[in-house]
Amino acid sequence: MNPSFVFKKALLICTPCFELKKIQKGNQAVYVVKFSKLSRRQSIAMRWLVSFSKSGSKGYKQLGVDLFSASNSKGKSFEKKIDLIRKSEIFKNNLIFNYASTTVDKKLKKRKTA
């Protein structure tokens, strides 16, 4: 296979479409889903691919193995993307509740001042 094709396919498969940001609200930590730009998403995917290949002992050979496994939707970097999606599903109910409560609070404040 063409190495550039394998790299592009691995990068496309491992690219997350969003990221989770931790925000402090009082004493509570709230996770917010943040949709990011394409360049940011690609840099996150490249960081995952390189960091998981550094954990191996062979260096460039391990990077090739990780790229090939990521292009086949396997490997640690693809699992990291799936874990990110699972975390966002866990926090989704909390996020919707927090968003709804803040919008209700804003509407109530507007009514009281009017």
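Read the figures in this text as sums done on the coordinates, not as results from a lab. Just so we're clear, the structure is a prediction, and the values are computed from it rather than from any experiment. Neighbour counts are summed over all protein chains in view; Cβ atoms, including those assigned to glycine, are modelled from backbone coordinates with ideal geometry.
Annotations for the structure displayed:
- In terms of its C-alpha gyration tensor, segment 14-61 comes out oblate, because a/c is 1.5 or above while a/b does not outweigh b/c.
- Theoretical gain in end-to-end length, F18 to K54 [0.36 nm per residue, Cα-Cα removed]: 10.5 nm
- A Förster radius of 35 Å, combined with the Cβ-Cβ distance separating Q28 from N2, puts the computed FRET efficiency at roughly 0.10.
- ³J(HN,Hα), Karplus 6.51/-1.76/1.60, whole Hz, each residue of segment 24-41, x for Gly, Pro: 8, 10, x, 9, 10, 9, 10, 9, 10, 7, 10, 7, 10, 6, 4, 5, 5, 4
- The I82 and K37 beta-carbon pair, evaluated with R₀ = 22 Å, returns a calculated FRET efficiency of approximately 0.50.
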